[in-house]
Amino acid sequence: MNRQEKVYTPLGLYVHVPFCATKCDYCAFYKERPSRQNLERYICALLREIQSIGDERTFDTVYFGGGTPGILLPRAIDQIAEILHTRMHKIPLEWTVEIAPNTVSVEKLQHWKAIGVNRISMGIQSFNETTLRTLGRQQTPRQIFHAYELVRSLDFTNVGIDLIFSAPGQTSEQLLNDLSLAIALDPEHISTYCLTYEDDTILKNKLGDGAEENRDRDFYETVCEFLEIHGYGQYEISNFCKKGYASLHNRNTWLMGEWIGVGPSASSQYRGLRYTNIASLDRWAREIENNAPERTDVIKLDKKILAIDEIIFGLRMNEGIDLGKNIFCQKISPFVDDLEAQGLLRRGEQRICLTGKGRLLCDAIAQEIFNTLE
Ligand SMILES: C[S@@+](CC[C@H](N)C(=O)[O-])C[C@H]1O[C@@H](n2cnc3c(N)ncnc32)[C@H](O)[C@@H]1O
Ligand code: SF4
């Protein structure tokens, strides 16, 4: 390669929209009440933060997550788009917006579509009224179907849905029913998360750590088998899709690419650093107004950190990792042999990946690799 040529590194943009109309009992993501004052302050600071990005590259992927970005009003959507369009040379390959079924409207969807959004991610969680209530999720099955229909009626051709399984009291019949209704919608992408009891959530305060490991594992196996049979290939521990619809944005982060996060509590991995914006609308906005954004959890990325994370995140993906290219290839070789002997890992010519059985123990395996290499 000519020495002058630069290696092209994809760049993602993550926009955290920290507002939810109602708060779900299980959720620990940073969020605020969507008062008019909060929203105005947020938009002003966000526009400034986006404008301050000093990078010539365009964004290959853009992801509006939350919170519920779907809550933004058309005027706010247009304001953000105006800044982004001057900053991007072309519409990104993938531009996702997370929406919740109870805050969707045709007008908002039309605006998202008009500015270039080409992927919708809808938080469904469950179609079962009892499960929704247990999760403290303020939406009805009717709202879910209506919202999904609206999205499709506007010709969004790449739609993902999120489900949560193993809520307290959920039976295997209810899980299968959720999965059947999910595939009946025919989305391009399905994310399924085992319910986690996060600290400082209503759910944990009410039930403590209510996780039931055996049931979680059985349900996870059911999810994987069901989705595979119905044409949704697994490509990551919690992610399944029809062929060609893996999330490009998320894949870039798992492959240790670069992304810039804007908005309170957003994380970035950029120019050799990993860091997080302060998780407070008030402080974040004040710092942006004073041109002095405070970054927390700053980590200087060296070869060692990136190589460890490449293994840990790589093993979460079905494509696995090219261990030969990793600086820790020799060091973890005995561990890899051991996992292979136990049927938890498969070795291809070039790559290694976890087997279905291995994926059930992914977190424990990751922890052991981390302990070995740290
Ligand atoms: C960042 S959240 C935002 C999505 C959007 N706010 C919504 O709820 O519709 C993305 C997904 O994470 C999952 N999630 C959040 N908290 C969880 C928890 N405690 N356990 C399992 N999944 C969780 C939910 O499936 C949710 O849709
Ligand atoms: S799950 Fe989504 S809608 Fe519910 S509180 Fe969390 S971010 Fe908000």
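Might you check whether a residue that is within 16 Å of ligand 2 (Cβ to nearest atom) and of a type in the set (Asp, Glu) occurs anywhere in segment 143-159? No, that holds for no residue.
Being surrounded by 19 or more Cβ atoms within 10 Å (Cβ to Cβ), part of a loop (DSSP other than H, G, I, E, B), at pLDDT 95 or above and touching a Ser or Thr at 6+ places or on another chain (Cβ under 8 Å): is that true of TYR63 here? Spelling it out, it is not the case that TYR63 is surrounded by 19 or more Cβ atoms within 10 Å (Cβ to Cβ), part of a loop (DSSP other than H, G, I, E, B), at pLDDT 95 or above and touching a Ser or Thr at 6+ places or on another chain (Cβ under 8 Å).
Looking across segment 41-66 at every residue that is more than 16 Å from ligand 1 (Cβ to nearest atom) and of a type in the set (Ser, Thr, Tyr), the one that is nearest to VAL15 (Cα to Cα) is identified as THR61.
Going through GLN170, GLN174 one at a time, which residue ends up being part of a helix (DSSP H, G or I) and either assigned by TED's automatic domain parsing to the domain that holds ILE229 or touching a residue at least 60 places away in the same chain (Cβ under 8 Å) (or both)?
Values: GLN170 fails: part of a helix (DSSP H, G or I).
Only one candidate passes the filter, namely GLN174.
Pairing each residue of segment 118-137 that is at negative phi and among the aromatic types (Phe, Trp, Tyr) with any residue that is away from ligand 2 (no atom under 14 Å from the Cβ) and not in a loop (DSSP other than H, G, I, E, B), provided the two are 6+ apart or on different chains, yields C-beta distances under 6 Å for PHE127/PRO141; PHE127/ASP178; PHE127/LEU181. Every condition in (1) of a type outside the set (Lys, Arg); (2) within 17 Å of LEU361 (Cα to Cα); (3) modelled with pLDDT of 95 or more is met by ASN214 except one, and the failing one is (3).
Based on what the data block shows, is ASN118 in contact with a strand residue (DSSP E or B) (Cβ under 8 Å, 6 or more places away or on another chain) and more than 14 Å from ligand 1 (Cβ to nearest atom)?
So ASN118 passes the test.
Within segment 135-181, the residues that satisfy the criterion of being more than 22 Å from the chain's Cα centre (by Cα) and within 22 Å of TYR63 (Cβ to Cβ) are LEU150, LEU154, ASP155.
The values are calculated or read from the model by the stated rules, or taken from the named source; none is laboratory data. Predicted, not measured: the structure shown is a model, and the values here were computed from it. A quick note on method: Cβ atoms are made from the backbone with ideal geometry, for glycine too, and the neighbour counts reach across all protein chains shown.
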